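First up is the structure itself, then whatever we jot down about it.
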Amino acid sequence: MILAAAAAGYMVSRQLARAVPQLASGSTLPQPRQLPQFALTDHEGAPFGKAQLAGKPSLLFFGFTHCPDVCPTTLAQMAQLRRHPELSGLRLVFVTVDPARDDAQALRQYVNAFGEGFTGVRGEDAALEPLLQGLMVAHSTQPLPGGGYTVDHSAALYYLNARGEWSAAFTPPFDPGLLAQDISTLLASGY
């Protein structure tokens, strides 16, 4: 009996191990992770929370509209994913970590500059916190000489499956071809 239970456990673990897709440019979580509840708004002023991330897979990036390099480069690379017909169902989401400067109008103008298909998301710091913690996104405000500030932030891309669960992450530098291939793999697997 013990031997049969051990064999069954081994077979289940082998099947689960095979179910986790292998990625060329990113990492899958050992098991998809549920996100906490959060209440933000999109760039059109509509509510955006956990429920809006269900139904189709999403690729999230956290940044800010005054970012001089990393954010526009990453959004341009995300926009390239639209060229792949098999990725047409992928939701592209930009979440600002600078709500003081990124109101809905600034966010709308920013995401629209990268073409159709982006959703800009914002919320005050307290409203953002559950999503930031759920995805382990780091960010901090840094003063600039002569006044003003910039925001240091995680530069990763976060992949959420169609159930709205965090299941993979990609860290820079991004290779758009490998990124498209990996996301296709994730979509095909349902992981």
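A few points about this structure:
- Net +/- balance of residues flanking Leu131 in space, Cβ distance below 14 Å, scoring K and R +1, D and E -1: -2
- In this rough spin-label picture, where each label sits 7 Å from Cα along the Cβ direction, the Thr73-Gln105 distance is 3.1 nm.
- Remark: the range 151-160, residue by residue, has Karplus-estimated 3J(HN,Hα) of 10, 7, 8, 4, 10, 7, 9, 10, 9, 10 Hz, where x stands for each Gly or Pro and the curve is 6.51 cos²θ - 1.76 cosθ + 1.60 at θ = phi - 60°.
- Cα long-axis angle, helix 176-189 against the chain (0 to 90 degrees, to the nearest 10): 50 degrees
- Taking a ≥ b ≥ c as the square roots of the eigenvalues of the Cα gyration tensor, the range 48-102 is oblate, since a/c reaches 1.5 or more and a/b is not larger than b/c.
- Whole-Hz couplings from phi, Karplus 6.51/-1.76/1.60, listed for the range 104-118; x for Gly and Pro: 4, 5, 5, 5, 4, 4, 5, 5, 5, 5, 9, x, 6, x, 9
- 19 Å cut-off, amide nitrogen to a point 7 angstrom out along Glu129 Cα→Cβ, residues in the range 35-68: 35-41, 49-50
- The range 41-110: trypsin sites (Lys or Arg not before Pro) falling in loop per DSSP and having at most 16 other Cβ within 10 Å: Arg101
- Label sites at Glu116 and Gln181, each approximated as a point 7 angstrom past Cα along Cα to Cβ, lie 3.0 nm apart.
- Percent RCO, i.e. relative contact order, over the chain, from Cα pairs under 8 Å lying at least 6 residues apart: 33 percent
- Placing a pseudo-label 7 Å from each Cα along the Cα-to-Cβ vector at Gln37 and Lys56 gives an inter-label distance of 2.7 nm.
- 3J(HN,Hα) along the range 128-145, derived from phi through the Karplus expression 6.51 cos²θ - 1.76 cosθ + 1.60 where θ = phi - 60°, amounts to 6, 3, x, 5, 4, 5, x, 9, 6, 8, 9, 7, 7, 8, 10, x, 10, x Hz, with x in place of Gly and Pro.
- Computing Cα extents along the principal axes in Å directly from the structure and comparing it against (i) 43, 41, 34; (ii) 105, 36, 26; (iii) 72, 35, 33 singles out (iii).
- A cut-off of 5 Å between modelled amide H atoms, ignoring neighbours fewer than 5 places along the same chain, links Gly164 with Gly55.
- Extended-chain gain in nm, criterion 0.36 nm per residue less alpha-carbon gap, Leu29 and Thr141: 37.5 nm
The numbers here are math on the coordinates, done by the rules we state, and not lab data. On a predicted model such as this, the values are computed, not experimentally measured, just so you know. Backbone-built Cβ (ideal geometry, glycine too); neighbour counts: all protein chains shown.
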